[in-house]
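> Have a look at this one.
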Amino acid sequence: MSSVAQNIRDFQQRLPPHVTLIAVSKTKPAELILEAYNAGQKIFGENKVQELVPKSEQLPKDISWHLIGHLQSNKVKYIAPFVSMIHSVDGLPLLQEVSKQALKHQRIIDVLLQIHIAKEESKFGLDKEELQAVLHSAELKAATGVRVRGLMGMATNTEDQALIHSEFHQLKKIFDQTKFIFPESIHWKFDTLSMGMSSDYEIAISEGSTMIRVGSALFGSR
Ligand SMILES: *Cc1c(COP(=O)(O)O)cnc(C)c1O
């Protein structure tokens, strides 16, 4: 069986230089995360605030923590002091709360807007029209505690490779259409397209992903 350290090194060697690996460590113990860290992995993703906070306290301070899962507004305050990026902003109330909590800590927090691309009903995220509404809202303009870095999306959980290709392709298209609507500033640096997980990261990269979120392929199944 391959070790976590070996898996990390394999990914780091294989990935194109423009693709950032987020090691998704949800449900995994601190010792395993430390093993990945010692192999050179410095960016980790968690999907639950109540798991992210204690891990961030226990583990080395130079780790960048990304919140990748659905986030409730009332929990933003617990991660605002330290979180590096929030991938799952899916509405204006959450965006406003992230901004407010960031400013409380004299920070500007990097966020991605989560887009719904999958066939499944249950997946969170904005549709194209909702994205337009967020982008052209007064609330976004006023959210001076955030920097919008790009988009995140999850494909349908399916064996159908063509469907996964088409969903990621669609997200890349939305990304390209959105990238230049505002000039680059401290609040807009649209350079990140977070798509791809253990089962579909190769397809995601072929469709233009710049950030993959990989859990089980690194740490084993959950
Ligand atoms: C769990 C999770 C991942 C990683 O999933 P794996 O299949 O283990 O690679 C990626 N993104 C999100 C949002 C997740 O919740």
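The values are calculated or read from the model by the stated rules, or taken from the named source; none is laboratory data. Quick caveat: nothing in here was measured; it's all calculated off a predicted structure. Cβ atoms come from the backbone with ideal geometry, glycine included; neighbour counts cover every protein chain shown. The protein model used for the area step is the full one, side chains on, heavy atoms only, and it has no ligands, DNA or RNA in it. Shrake-Rupley method; radii C 1.70, N 1.55, O 1.52, S 1.80 Å.
> Starting from the stretch 67-95, keep only residues that are part of a loop (DSSP other than H, G, I, E, B), then list their pairs with residues that are open to solvent by 20 Å² or more (accessible area, probe 1.4 Å) whose Cβ atoms are within a distance under 6 Å, requiring at least 6 positions of separation or different chains.
So the pair list comes out as Ile68/Asn47; Gly69/Asn47; His70/Phe124; Ala80/His105; Pro81/His105; Ser84/Ser64; Asp90/Phe124; Asp90/Gly125.
> I need the full set of residues from the stretch 181-203 which are without any contact (Cβ under 8 Å) to a residue 24 or more places away in the chain, charged (D, E, K, R) and not in a helix (DSSP H, G or I), in order please.
Once the filter is applied, which keeps residues that are without any contact (Cβ under 8 Å) to a residue 24 or more places away in the chain, charged (D, E, K, R) and not in a helix (DSSP H, G or I), the stretch 181-203 yields only Glu184.
> Considering only the stretch 39-66, how many residues are assigned to a strand (DSSP E or B) and within 15 Å of the ligand (Cβ to nearest atom)? Please lay out each step first, then the result.
Within the stretch 39-66, the first condition is being assigned to a strand (DSSP E or B), and the residues that meet it are 43-46, 64-66.
Adding the requirement that they be within 15 Å of the ligand (Cβ to nearest atom) leaves 43-46, 65-66.
Residues that pass the stated criteria total 6.
> Further question: Looking at the stretch 160-180, which of its residues are closer than 18 Å to Thr192 by Cα and in a loop (DSSP other than H, G, I, E, B)?
Pass one, the stretch 160-180, residues closer than 18 Å to Thr192 by Cα: 167-180.
Lys179, Phe180, listed by residue number.
> Is it the case that Ile115 is closer than 23 Å to Met197 by Cβ, modelled with pLDDT of 95 or more and in contact with a helix residue (DSSP H, G or I) (Cβ under 7 Å, 6 or more places away or on another chain)? Write out each step before concluding.
Working: closer than 23 Å to Met197 by Cβ: yes; modelled with pLDDT of 95 or more: yes; in contact with a helix residue (DSSP H, G or I) (Cβ under 7 Å, 6 or more places away or on another chain): yes.
Here the answer is yes, as Ile115 does meet what is asked.
> Further question on the same structure: From the list Ala133, Ala36, exactly one residue is away from the ligand (no atom under 15 Å from the Cβ) and assigned to a helix (DSSP H, G or I). Which is it? First the steps, then the outcome.
Values: Ala36 fails: away from the ligand (no atom under 15 Å from the Cβ).
Residue meeting the stated conditions: Ala133.
> Here's another thing I want to ask about it. Of the numbered conditions (1) within 30 Å of Lys141 (Cα to Cα); (2) of a type outside the set (D, E, K, R); (3) open to solvent by 10 Å² or more (accessible area, probe 1.4 Å); (4) within 16 Å of the ligand (Cβ to nearest atom), Tyr201 satisfies every one except a single condition; which is it?
Against the list (1) within 30 Å of Lys141 (Cα to Cα); (2) of a type outside the set (D, E, K, R); (3) open to solvent by 10 Å² or more (accessible area, probe 1.4 Å); (4) within 16 Å of the ligand (Cβ to nearest atom), Tyr201 comes up short only on (1).
> Report the residue count in the stretch 204-216 for those that are part of a helix (DSSP H, G or I), open to solvent by 20 Å² or more (accessible area, probe 1.4 Å) and more than 6 Å from the ligand (Cβ to nearest atom).
Taking the stretch 204-216 and keeping what is part of a helix (DSSP H, G or I), we get 204-206, 216.
Now narrow it down to the ones that are open to solvent by 20 Å² or more (accessible area, probe 1.4 Å): 205-206, 216.
Those still in the list that are more than 6 Å from the ligand (Cβ to nearest atom) too: 205-206.
Count: 2.
> Output the residues belonging to the stretch 11-26 that are within 11 Å of the ligand (Cβ to nearest atom) and assigned to a loop (DSSP other than H, G, I, E, B).
Ser25, Lys26
> Oh, and also: Mind telling me which of the residues Lys173, Lys189 ends up being at pLDDT 95 or above, charged (D, E, K, R) and over 21 Å from His66 (Cα atoms)?
Numbers: Lys189 fails: over 21 Å from His66 (Cα atoms).
None of the others qualify; the one that does is Lys173.
> Can you tell me which of (1) touching a helix residue (DSSP H, G or I) at 6+ places or on another chain (Cβ under 8 Å); (2) not in a strand (DSSP E or B) is the one Ser221 doesn't meet?
(1)
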